[in-house]
Amino acid sequence: MKAPPQMKSALVIDDHPITHLGANRLLRELGYDRIGQAVSGEEALLQLAGGEAPDLIVLDISLPGAGGLDLVAPLRDAAPDAPILIFSMNDQTGFAARALQAGAQGFLSKNAPPADFREAVRMLEAGEFYLSPRHAMALATLRAGASADPLGALSDRERQVLALIGRGLSLQAIADHLEVSYKTAANTSSALKKKLGVDGINGLMKFALDSGV
């Protein structure tokens, strides 16, 4: 007698109902029978704490409350065997690099066609990592040019501040996080602009995302 196919489960974490509908349809096409839904990081972690871990997590990191790339680590702690596919409107190459560095196994733009979503899920199921060809090529180019990377000229404190700017923190929030004065954070920000040749906080944020700090 033929054994029944193994049931697969997924958890989709996103605060947009349309994304849930689309992801659910694609996941069911790929054989996922049980698909949980959460609209925030807090709700997702509560679900994981109170039930069976899923086989796959699809995560939008622009969530209300506790979200962002900082959510990847607690999700991995709660479901260590479930690969995480970041599904994001932020399409910058540096953001994809940071997602993988944080512990995700894949990064997919919400602008990607359904075929790319299917391919990403299949690759994660096979224990592989997924990046779109465009992101993979851009990351390879960044690594090839690492020797000329101006990040090498930054101090540890400057790299810390740049990374926090890339996460969207204000200068006051950075000062509080690092337990320094606002003036110290502002002066470090000014030094970064000069060293990196960028204008304003938005320029520093873009540089941080593109460089994967």
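The values are calculated or read from the model by the stated rules, or taken from the named source; none is laboratory data. Source: prediction; values computed, not measured. All Cβ positions, even for glycine, are placed from backbone atoms using ideal geometry, and neighbour counts span all protein chains on display.
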Of all residues in the range 177-186, count the ones that are part of a helix (DSSP H, G or I) and either out of contact with any helix residue (DSSP H, G or I) (no Cβ under 9 Å at 6 or more places or on another chain) or hydroxyl-bearing (Ser, Thr, Tyr) (or both).
2
Which numbered condition Ala96 misses (of (1) of a type outside the set (S, T, N, Q); (2) under 19 Å from Thr19 (Cα atoms); (3) in contact with a Phe, Trp or Tyr (Cβ under 6 Å, 6 or more places away or on another chain)):
(2)
Here are some conditions: (1) outside the structural domain of Ala102 (by TED's automatic domain parsing); (2) at pLDDT 90 or above. Asn24 meets all but one. Which one does it not meet?
(1)
Listed residues Leu11, Leu56, Leu30; which is surrounded by fewer than 19 Cβ atoms within 10 Å (Cβ to Cβ) and either farther than 25 Å from Met205 by Cα or outside the structural domain of Asp116 (by TED's automatic domain parsing) (or both)?
Leu30
Pairs returned, first residue in the range 198-213 that is under 10 Å from Phe95 (Cβ atoms), second residue that is charged (D, E, K, R) and in a helix (DSSP H, G or I), beta-carbon separation under 6 angstrom, 6 or more apart or interchain, are Gly212/Arg98
If I filter the range 18-28 for residues that are touching an Asp or Glu at 6+ places or on another chain (Cβ under 9 Å), over 20 Å from Tyr130 (Cβ atoms) and assigned to a loop (DSSP other than H, G, I, E, B), do I get at least one hit?
no
Limited to the range 97-120, what total is found for residues that are in contact (Cβ under 8 Å) with a residue 60 or more places away in the chain and assigned to a helix (DSSP H, G or I)?
6
Taking the stated definitions as given, is Ala136 outside the structural domain of Met205 (by TED's automatic domain parsing), of a type in the set (A, V, I, L, M, F, W, C), modelled with pLDDT of 85 or more and out of contact with any Leu (no Cβ under 6 Å at 6 or more places or on another chain)?
no
